[in-house]
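The values are calculated or read from the model by the stated rules, or taken from the named source; none is laboratory data. The structure presented is a predicted model; accordingly, all values stated were derived computationally and were not measured. Neighbour counts run over all protein chains shown; Cβ positions are idealised from the backbone, glycine included.
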Amino acid sequence: MLMDIYTKKTICPYDCPASCGFTVQTDGRRIQKTGGDKAHPVSRGLLCGKMRRYADEINSKDRILTPLKRSGGKGSGSFIPISWEEAVTEITSRWKGLIKNEGPSSIAYCYYSGVMSIIQRHCVQALFARMGACELVKTLCASAKGDGYASVVGDTGCLDPRELKNSDLYLVWGSNVSATRFPTLADLTQARKEGKRVILIEVYAEPMAPYCDEAILIRPGTDGALALAMMHVLAANDLADEPFLAEYGLGYARFKETLGAYTPQWAAEITGIPAQAITDLALCYGKASAPSILLGSGCSRYGNGSMTVRLITILSLFTGAWKRPGGGLCGCTPSGGSYFDVNTVKRPDLRSRRPERTININQLSHALTGTDGHPPLKSLYVAGSNPANSVSDQKGILEGLKREDLFTVVHERFMTDTARYADIILPAAFSAEQSDVYEAYGYCTMAAAKKIVEPAGEAKSNWDTTALLAKAMGYTDDHFRQTEEELYEKLILTPTPLSAFLTEEERKTLLQGGVLSMPFARHTDFQTPDKRFYIVNPRLPEPMPHYTACHGGSEELSLISVPSRHTLNSIFQAEKEQARKRGSMTLVMNTTDAAARGIKDGDPILCKNDLAEVEFTAQTTDLIAGGAVAAVGVYRLDQSPGGLTCNALHHPRLSDGGNATTMNDNKVNVCLKK
Ligand SMILES: Nc1nc2c(c(=O)[nH]1)N[C@H]1C(S)=C(S)[C@@H](COP(=O)(O)OP(=O)(O)OC[C@H]3O[C@@H](n4cnc5c(=O)[nH]c(N)nc54)[C@H](O)[C@@H]3O)O[C@H]1N2
Ligand SMILES: Nc1nc2c(c(=O)[nH]1)N[C@H]1C(S)=C(S)[C@@H](COP(=O)(O)OP(=O)(O)OC[C@H]3O[C@@H](n4cnc5c(=O)[nH]c(N)nc54)[C@H](O)[C@@H]3O)O[C@H]1N2
Ligand SMILES: [Mo]
C-alpha cells in the first residue's frame, strides 16, 4: 500500500553551536529524506553535508536494534541479542550487588555530547544522583574557554553571530568556521563582498584561508602573548578606549602599567609571528570601529587555556568595540544563561549526600585503572558518548575497559569502539524518534521538536531507558514516573530568568514543536557581581592577567587535534559516504618540518610520545605553523593501522581554569614508517 509522504520540521541534535533546523520527509514510519528549513532563524535553509545524510544514518542496517549481551572476550565485538527484560534485570541486579558490597561510588556514568537536547542529554544524571554513584565533571570540550570568558565578563552574553553583519573587521581566531560554524560562513562571505576585511589567526590555516583576506600562523598555545602585545601596541598608539575601560571595567590603570613589557618583539619570540605583523594587526584592529573576534575553542584546550581566553576577552573590550553594534567577541555564550531549567532533568537534589567520588571525564582512564587514589571503578554506564574514541589517554581507557571485573553498559545506536567493550549494549533512539527541547549554545534561540517516527526495532530514548532502570532499581520518586511528553511540557512551562517573558503564544509554539529567536544580550550591561568587567579580577588566584606558558613537553612537534568537516566527533563514522569523503587518518605537517624528516605527502608516518605510538598518513602544507602537526577528525580504532588514534597521544592533564581538556597541548616526535 502506498502511504502519504509528508514533511515535518525538527532540530539537529548534534554538538554544533547553531542547533540548526531541518525538514524531514516521512511516511510516518521511516524518515526518507532531509532538507533545509528556510524559516529557521539561524540555518535559513542551509543544511550541512552530514545532516543531508541523516536519513541514511537513521535507516542504517548497522544500527543496534535490540539489547545485546557479550558472548566473547571484552572488546571482541561478539554479542547475542537478549530481551529488554533480561538486560534490565541483569544490569540492576549487578548494580544492587555493587551498592551493597562495595558502595555506590564503585559505579560511574559517562555522558557527553552525543545528543544535545536537554532531556535526552542530561536525564542519565538523575538516575546516578539517586543511586549516590560517582559524579562526573563534564569538561571535554570548551570549559576553559567558558572559564576564561566568565573571569572577565561573568554571565554577560557575547555576540550572537547574527549581529556580525554590523562588524567592520573580523578576526577569525582559531575557528574553522567552514566546518564547525557552517551558517556563519555565509555571513563572512557576504562581509567580504561588502569590502570588509577577514583576518585568520590559526595554527592550521588550510581549511579557512580561502575564506579570509589574510592568514596569520601562530604557534600552538601562545595566543595570550599575541593578545598582550596587541594591547601593548593599542595602548602605545592611544587606541585603547580609556573612558570606556574606566567606566565599565575594573583595573585598567594597573593593567596598563604591566603592558610595557609585552612588546611585539617579546611576543614574536613566543608566537613565531613577526613583530611587524603583530603591530600591523593591532593597528588594523585598533582603527576599526566595530571589530569582532570570532573565537573558536581550539586555543582554550591547553594548560593555559583559561588565561588565553581571558586575555583575548580583554582585548575584545580594549577599544570599546562592545558598545557598538557588531563589535566585540563572538563564540562564547551569547544568551548569558539558560532558557530552560536544566535541573528539572538533572535533578542534583535526588542525591541524598555529597558524592563520595568525583571523576573528571578527561581522567576517566585513571578512574578505570585505579590510578587516581581510589579503587578502580566496578561499573560504568555510557550513554551519548564514546570515550574510547573521544577522550584523552586512549590506551589507559582501553586498558580499563578490558578489565574482566568492570561491568560496562553502553546505550548506543551503533557498534562504537566503546560499545565493543560493553557487557550489555542497550539500543538507543535517534532524535527524530524522541521528543525534546533544544537551546543553541552559540545563538540566542530556543526550540522544541516532537517525535516524528517510533524508534526503530527495540530502540529506546535515553529518558525511557533511564526511567526503566530507575523503576527496576526500586526508585519510586515521582521524577522517574514522568513520561517524555510530561517532561517536555514541564521544561517549556518552567521559565528561567531568560525565558520568563515568553508570551502564551510563544510557549504554545514550543509546545507544538517550533523555534523561537530570543533577544540578543545587552553587551554593556555587564553581568558580574560589580556590574563591571574585570581587567584585574580580585576574586581569582591570579588577579592580574598575564602570559602563562602551556604544558608542552620534551618532544619536537606540537600536536593539535581538530574536527573534520565530514564527521562530528565520532558521529557519522558509520555513514559510508561521509567516511569515504574523509579518507584515512591523516596528520597534517608543515612542508619544511616534513622535508627535514624525509617525509612526503601521502607517506605512512609514526607519531610518538611518552604515552603511545600512532600511525598516520602524512599530509603536507605550508598553511600550518612550523613546529605544529594536526590530527584531523576522530577515527574508529579499526580504521587506524596501529589500532590507536590521536587521543592515545593526549595526556589527561587539565587546563588552568575550568578543569578542562588540554587535548591540543601535547608534544610528539614524527618519523617515516619504515
Ligand atoms: N564538521 C564538524 N563540526 C563540528 C564538530 C566536528 O567534529 N565536525 N565538532 C563540534 C564540537 S563538539 C565543537 S566543540 C565545535 C568545535 O569547535 P572548535 O574546537 O572551535 O573547532 P574548530 O572550528 O576546528 O576550531 C578550532 C581551531 O583552533 C585551531 N587551534 C588549535 N590550537 C590553536 C591555538 O593555540 N591557537 C589558535 N589561534 N588556533 C588554534 C585549530 O587549528 C582549529 O582550526 O564544533 C562542532 N562542530
Ligand atoms: N581527537 C579528538 N578528540 C576529541 C575531539 C576532536 O575534535 N578530536 N573533540 C572533543 C570534543 S569538542 C567533544 S565535545 C568530545 C565529544 O565526545 P563524545 O560526547 O563522547 O562524542 P562522540 O564521540 O561523538 O560520541 C557520541 C556518541 O553518542 C551516540 N549518541 C548520539 N545520540 C544518542 C542518543 O540519543 N542516545 C544515546 N544513548 N547515544 C547517542 C553516538 O552514536 C556517538 O557514538 O570529543 C572530544 N574529543
Ligand atoms: Mo565539543
First in the range 83-110 and within 19 Å of Ile64 (Cβ to Cβ), second anywhere and of a type in the set (Asp, Glu), Cβ under 7 Å, 6 or more apart: Trp84/Glu458
Unique residue being modelled with pLDDT of 95 or more, within 11 Å of ligand 2 (Cβ to nearest atom) and crowded, with 24+ Cβ neighbours inside 10 Å when the list is Ala388, Ala447: Ala388
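Residue-wise test of (1) part of a loop (DSSP other than H, G, I, E, B); (2) without any contact (Cβ under 8 Å) to a residue 40 or more places away in the chain.
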| site | (1), (2) |
| --- | --- |
| Val515 | no, no |
| Pro519 | yes, no |
| Thr524 | yes, no |
| Lys531 | yes, yes |
| Asn537 | yes, no |
Among (1) out of contact with any Leu (no Cβ under 8 Å at 6 or more places or on another chain); (2) within 16 Å of ligand 3 (Cβ to nearest atom) - the single one Asp15 does not satisfy: (1)
Qualifying residues in the range 20-38 (those that are touching a residue at least 40 places away in the same chain (Cβ under 8 Å) and assigned to a loop (DSSP other than H, G, I, E, B)) - the one nearest to the chain's Cα centre (by Cα): Cys20
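Being at pLDDT 95 or above and assigned to a strand (DSSP E or B) is true for just one of Leu502, Leu587, Leu511, Leu491. Which residue is that? Before the answer, list the steps.
Working: Leu502 fails: assigned to a strand (DSSP E or B); Leu511 fails: assigned to a strand (DSSP E or B); Leu491 fails: assigned to a strand (DSSP E or B).
Step by step, each of Leu502, Leu587, Leu511, Leu491 is checked, and only Leu587 is at pLDDT 95 or above and assigned to a strand (DSSP E or B).
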Complete set of residues in the range 548-578 that are more than 16 Å from ligand 3 (Cβ to nearest atom) and in a strand (DSSP E or B): Leu557, Ser558, Leu559
Conditions (1) under 26 Å from the mean Cα position of the chain (by Cα); (2) modelled with pLDDT of 95 or more; (3) more than 22 Å from Gly221 (Cβ to Cβ); (4) among the hydrophobic types (A, V, I, L, M, F, W, C); number of the one not met by Ala549: (3)
Failed item, numbered, when Pro183 is tested on (1) away from ligand 2 (no atom under 16 Å from the Cβ); (2) under 16 Å from Ile293 (Cβ atoms): (2)
Any pair with Cβ under 6 angstrom, 6 or more apart, that starts in the range 397-425 at a residue that is of a type in the set (Ser, Thr, Tyr) and ends at one that is in a helix (DSSP H, G or I): Thr418/Pro387; Thr418/Ala388; Tyr421/Leu401
Residues of the range 1-19 that turn out to be within 16 Å of ligand 2 (Cβ to nearest atom) and not in a strand (DSSP E or B), as a count: 8
Inter-residue pairs, beta-carbon under 6 Å, first under 15 Å from Leu171 (Cα atoms) and in the range 203-223, second more than 16 Å from ligand 2 (Cβ to nearest atom) and among the basic types (Lys, Arg), 6+ apart: Asp213/Arg197
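Are any residues in the range 54-68 in contact with a strand residue (DSSP E or B) (Cβ under 8 Å, 6 or more places away or on another chain) and either surrounded by fewer than 17 Cβ atoms within 10 Å (Cβ to Cβ) or modelled with pLDDT under 95 (or both), and if so, which ones? Can you show your working first?
First, the residues of the range 54-68 that are in contact with a strand residue (DSSP E or B) (Cβ under 8 Å, 6 or more places away or on another chain): 54-55, 58-59, 63-68.
Answer for the range 54-68, where residues must be in contact with a strand residue (DSSP E or B) (Cβ under 8 Å, 6 or more places away or on another chain) and either surrounded by fewer than 17 Cβ atoms within 10 Å (Cβ to Cβ) or modelled with pLDDT under 95 (or both): Asn59, Leu65.
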Scope the range 58-107; condition part of a strand (DSSP E or B) and closer than 23 Å to Glu458 by Cα; matching residues: Leu68, Lys69, Arg70, Phe79, Ile80, Pro81
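Could we say that Asp341 is part of a loop (DSSP other than H, G, I, E, B), at pLDDT 95 or above and over 30 Å from Lys196 (Cβ atoms) here? Please lay out each step first, then the result.
On the way: part of a loop (DSSP other than H, G, I, E, B): yes; at pLDDT 95 or above: yes; over 30 Å from Lys196 (Cβ atoms): yes.
Against the criterion (part of a loop (DSSP other than H, G, I, E, B), at pLDDT 95 or above and over 30 Å from Lys196 (Cβ atoms)), Asp341 qualifies.
Identify all residues within the range 69-82 that are surrounded by fewer than 19 Cβ atoms within 10 Å (Cβ to Cβ) and touching a residue at least 12 places away in the same chain (Cβ under 8 Å); write none if there are none. Step through it out loud before you land on a result.
As a first pass, look at the range 69-82 and keep what is surrounded by fewer than 19 Cβ atoms within 10 Å (Cβ to Cβ): 69, 71-78, 80-82.
Correct list: Lys69, Lys74, Gly75, Ser76, Gly77, Ile80, Pro81, Ile82.
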Residue in the range 558-569 that is in contact (Cβ under 8 Å) with a residue 60 or more places away in the chain, buried (at least 16 other Cβ atoms within 10 Å of the Cβ) and in contact with a Leu (Cβ under 9 Å, 6 or more places away or on another chain) present: yes
